[in-house]
Structures are given as structure tokens and as C-alpha cells.
Amino acid sequence: MDNTKLEELFQAKVDAELKIEPKDWMPEKYRRNLIRQISQHAHSEIVGMLPEGNWITRAPSLKRKAILLAKVQDEAGHGLYLYCAAETLGIGRDELVNQLLTGKAKYSSIFNYPTQTWADIGAIGWLVDGAAIMNQVMLCRTSYGPYARAMVRICKEESFHQRQGYEIMGILARGTAEQKEMAQDALDRWWWPSLMMFGPSDANSTHTESIKWKIKRQSNDELRQIFIDRTVQQAEVIGLTIPDDKLKWNEETKHYDWGEIDWTEFNNVVAGNGPCNKERLAARVKAHEDGAWVREAASAYAAKRSKRTAA
Amino acid sequence: MSNLNEKDWPLWEIFIQSKRGLEHKHVGSLHAADAQMAIENARDVYTRRQEGNSIWVVPASAISASSPEDQGAFFDPADDKAYRHPTFYTMPEGAKYI
């Protein structure tokens, strides 16, 4: 069969909402796009452990420490689900890890911002995980089977992440004047970067095939708007103010109108010049190198065990 | 046997039984140096919320699969055998428990 015919069959399957599985024929570009998107997503989960890991030793109570540890451990698990999904497309784990450690691969820019106060842990859970969930819920219906299945698992686990963050923010907002100020400050710093997580606005997005191939099911701007509509209400409930003076309910569209994202900042952080880009990558490289003896020991132990069973 | 290099750790397919009496279901895969480590890693990766009560791990390389290209021809012997389903049969009105 020639490629045009194969591509027609492939598109027919996608249009009929049939999942594409690893052994199915797929356009080379579909495969490449998926490897890029899934591995970026995996790297984001892994790098995402760093800003929060920063607060594990300083969480204000044993309960919060246990919660944060569980959350960070979940992020590691999510990274692993996604690496495995990417591997079904014919790329090796070592190559994926290498792309991250050498700076060749990208991860979500949001993790290049620092976590300055405890309230930042609240803001990350509420806003960053909240924004990620919007995207991930959509991806539960993505056309590639292994990616969709990984997303279903991730979404099940992710909702506690957002709720624990919102709870932290609510408690601080009800606390002393200083605590409320800390919560508001975190919201002020994380709001716009969280909106940037949805990516360039539709007018400037270059990935039109993603929609045709049903890798993505909703556009960046659509998801961003739903996130804003939901989060504004949540902020009101806990008495915090969204840092956008153009924010206003629009009775006609039934959505909030809102201000303008600073795309220069966005492009700058993507290009590697965010506040923590270098620090994050250095931390990953160090963790990988420092962990080498563990991997060697695991190999040695497996070899010893197999010798003992053979004897 | 010499040590496996970390990048050659085999891929294991993971099957979890969520409750006694239910089947083991495929949940995903992971890399590990041997079966025992695959089981321990599977516990950490796939059962952090009491999702399982038993784990099977199978080297991915040990699985043979039917090929998607032949899917039509391979499964069509079952297509024209509607009489294998109970709904194929006409039951007289009023008959009970059948």
C-alpha cells in the first residue's frame, strides 16, 4: 500500500475515534510530534519535582511534609508513565533522558520560576497543577492509545494535587495579615506564568496537525479561558485577588474578559533565560550523576541474584 | 553473568490484580534490572493508592502479539456466526427464566 492510501486509512481511524496503537501504521510526523510532546510532558513531571522538593524539609507541619512528599513522588510516577508511553513509539529511555540532561529537550517553562515562600507551594498546586489538569483531562481522549491511558492514570492522581494547594492558599488567606499577604503575593507571581502554561495563543500556534490528528482536542486559548473562568471564582471564595485589572465578567460571552500575557517574558523563559533555567538543569544532571552508583548497584545485585539462582 | 548496563535494563509489562477474585489487568510498563526489582518498582509506580493486591511482571520481549495489518482477515471467522450469541434465538412469549 502506498503512503497516501495508508494515511487515508489512518485519518479515517482517527476520525472514527478509534485509538492508534503502537504497532499500527502512522505518519512519520505523527510519530515525531508525539515523541516530542510526550517526552516534553515527561520531562516536565521530572523537573517539576524540583521547585516543590525545595520545600519538603521546610513544610510547616508533619502533615504538610507527608502530603508534599506524596505529591512529589506522584510527579516521579507520572514522569515514568509518560516515558514508557513515549518508548512505545520507538525511542529508548536513555535517549530521552539524555535529551533532557543535555538541554536538547524542553520542559514546561513554569518550573523555571523559583519557590520563594511556603505560599508558593499552595499556588503551584492550585494554579500550576490546575492548569496542567485542564490539559491532561483533554489528553485522556488523545488519539494515541498509550498516551491516553497514561493520562487517565495521571488525572486520577492529580486532583489531590490541586486540592491540597488550594487548601494551603485558603488557610493562609484566613490567617494573620502577614499570612494573607504571603498568599496574595504568591498568587500575584504565579498567575501570569500559569496562564502561559497553555502555550502561545491560537493565532500564533504552529501545531495545526495536532488538532487534525486529535492529539489535542481543544485549542490553547479555549483551555486557557476555561481555566480563568474557574479560577476567578475559586479566588473569590478564599478572598484573594487575581492580579489583572482588566478582568471583568462578560455577560454576552459568559466568560471573563482579561488582560494581556507578556509574551516577551514567555519567549524569554522558553529560550532558557528564566530565573531558574540553569539551576534546574544543573540539579537534574547532579541527581543523575549522583544516582549512578545506585543504578550500578542494582545491576550488580541482579547479576548476583541470577548467578545464585543458576547455581 | 556480567552486569547489565543500566541502559540495557529490560522493559517489563506490569499486570495488577486489584482485588482477590478479579483478573490481572495490564497497567503499563517499566524498566528494571530483574524480575524482583520489577515487582518492587511496580509496587511503587502503580500501587501507591492501594490499587493492587497482586502483581505480575512479564519481560516485554516475551510477549507475542497478533499483527494489526491482518486484523480484518484474522478475526473475520467470527463475523458471520451470530448464532453464538443468545440474542440470536427466538423465545416464545411467556417463557420464564430462559
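The values are calculated or read from the model by the stated rules, or taken from the named source; none is laboratory data. This is a predicted model, so every value here is computed, not measured. Don't worry about glycine lacking a Cβ; one is built from the backbone with ideal geometry, like all the others, and counts go over all protein chains shown.
Observations
- Just one of the listed residues (B:K19, B:K25) is basic (K, R), within 14 Å of chain A (Cβ to nearest Cβ) and more than 30 Å from A:E296 (Cα to Cα), namely B:K25.
- Checking each residue in segment A:55-94 for being facing chain B (nearest Cβ under 10 Å), within 24 Å of A:T142 (Cα to Cα) and more than 14 Å from the chain's Cα centre (by Cα) picks out A:C84, A:A85, A:E87, A:T88, A:G92, A:R93.
- Looking only at segment A:95-106, residues that are more than 10 Å from chain B (Cβ to nearest Cβ), closer than 18 Å to A:R32 by Cβ and either in a helix (DSSP H, G or I) or in contact (Cβ under 8 Å) with a residue 60 or more places away in the chain (or both) come to 5 in all.
- Residue within segment A:210-223 that is part of a loop (DSSP other than H, G, I, E, B) and among the hydroxyl-bearing types (S, T, Y) present: yes
- Residue tally, condition within 14 Å of chain B (Cβ to nearest Cβ) and exposed (fewer than 13 other Cβ atoms within 10 Å of the Cβ), over segment A:271-289: 1
- Matching entry among A:Q162, A:Q116, A:Q99 (being surrounded by fewer than 17 Cβ atoms within 10 Å (Cβ to Cβ), modelled with pLDDT of 95 or more and not acidic (D, E)): A:Q116
- You will find that of B:A73, B:A42, the residue that is within 19 Å of A:R153 (Cα to Cα), hydrophobic (A, V, I, L, M, F, W, C), free of Cβ contacts under 8 Å to residues at least 40 places away in the same chain and assigned to a helix (DSSP H, G or I) is B:A42 and no other.
- Odd one out for B:P77, checked against (1) at pLDDT below 90; (2) surrounded by fewer than 17 Cβ atoms within 10 Å (Cβ to Cβ); (3) within 13 Å of chain A (Cβ to nearest Cβ): (3)
- Residue match in segment B:57-68 (condition: assigned to a helix (DSSP H, G or I) and either facing chain A (nearest Cβ under 10 Å) or more than 16 Å from the chain's Cα centre (by Cα) (or both)): yes
- Just one residue in the set A:V270, A:V232 is in contact with a helix residue (DSSP H, G or I) (Cβ under 9 Å, 6 or more places away or on another chain), in contact (Cβ under 8 Å) with a residue 12 or more places away in the chain and within 30 Å of A:Y166 (Cβ to Cβ); that residue is A:V270.
- Test: residue in segment B:5-13 that is part of a strand (DSSP E or B), within 14 Å of chain A (Cβ to nearest Cβ), surrounded by 14 or more Cβ atoms within 10 Å (Cβ to Cβ) and not aromatic (F, W, Y): yes
- Failed item, numbered, when A:I242 is tested on (1) part of a loop (DSSP other than H, G, I, E, B); (2) of a type in the set (V, I, T); (3) closer than 30 Å to A:R36 by Cα: (3)
- Looking only at segment A:176-194, and only at residues there that are aliphatic (A, V, I, L, M) and surrounded by fewer than 23 Cβ atoms within 10 Å (Cβ to Cβ), the one that is nearest to A:N220 (Cα to Cα): A:M182
- Among the residues of segment A:1-54, those identified as within 14 Å of chain B (Cβ to nearest Cβ), crowded, with 19+ Cβ neighbours inside 10 Å and outside any helix (DSSP H, G or I) are A:I20, A:M26.
- Any hit, segment A:292-304, residues being surrounded by 14 or more Cβ atoms within 10 Å (Cβ to Cβ) and under 21 Å from the mean Cα position of the chain (by Cα): no
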